[in-house]
């Protein structure tokens, strides 16, 4: 009996030795250098402003952040008041460098994962230039002229995306996220146009505004999975503003209350948002905005 047990133990041992050891998930690594840093720490942050991973800058402003990703995801890289949007794929080895006094204009990328983030940064720079120059003038246009010019504007902003879509080294999930992000960005512009005309200028109706708003009907305001997208969060803000304006203007009690618009937004969130994660995000956002007033 003892011999049998001994033989079984040896057999088990040999079998176990023959099994490959479980492979650890590859880490995603972000390294870089910050000029004129705002504080001595840098971190990766999700849409809830939760710090995913933190590192301390050395005396040269250098850092290294390592963490494990389950799937392609988007975050912000933050140093004090300096922050930049960042999308990552598991096992990326990305190098990021910037001047914290002018992050958007100075940030640069290299390494595995650089192409998509470089595209995102250039799109933001391009968008900032166009929006600062042409964006305001859009609000003064009639609906037909606005839609025509908004299309031209977005074709200019999104033109570089075609090259990115053709890059087989970029995750298809990130490409899909960007397609979704561009939809939400345009929807936010359409909602803001309506909000401006019906609220900020206190004009009850302009012929053709419905033609603008109908283009946002296929956008989902309860898409919790999209919360990591910056443009989706911007869209949510525009969506709440637009719908709260309807509540605000239809209720004389709210209209005469200094905090009426804040209350209208709160009512709107409760009434129009069913997804718990999206509702929580908007409620927290409203609290932060209200406390800053």
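Tabulated values for the structure
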| item | result |
| --- | --- |
| Fewest-first ranking of 27, 259, 185, using other Cβ atoms within 10 Å as the exposure measure | 259, 27, 185 |
| Hull-based mean projected area of the chain, where the convex hull spans the alpha carbons, in square nanometres | 23.0 nm² |
| Exposure proxy order (Cβ contacts within 10 Å, fewest to most) of 141, 199 | 141, 199 |
| Relative contact order, percent, segment 28-112 [alpha-carbon distance under 8 Å, six or more residues apart] | 35 percent |
| P(r) of segment 28-112 over all Cα-Cα pairs, binned every 10 Å from zero, in whole percent | 18, 58, 23, 1 |
| Euclidean distance of C-alpha centroids, segment 226-249 and segment 150-176, integer Å | 24 Å |
| Footprinting exposure proxy for 114, 67 (fewest neighbouring C-beta atoms within 10 Å first) | 67, 114 |
| Cα-based convex hull volume of segment 121-292 per residue, rounded to whole Å³ | 130 Å³ |
| Cα pair distances of segment 89-196 binned at 5 Å [whole percent] | 2, 10, 19, 20, 17, 14, 9, 5, 2, 0 |
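Since every read-out is calculated from the coordinates, none of them should be taken as a lab result. These numbers come from a predicted model, not from an experiment. Using ideal geometry, Cβ is built from the backbone for each residue, glycine included, and neighbour counts are taken over all protein chains shown.
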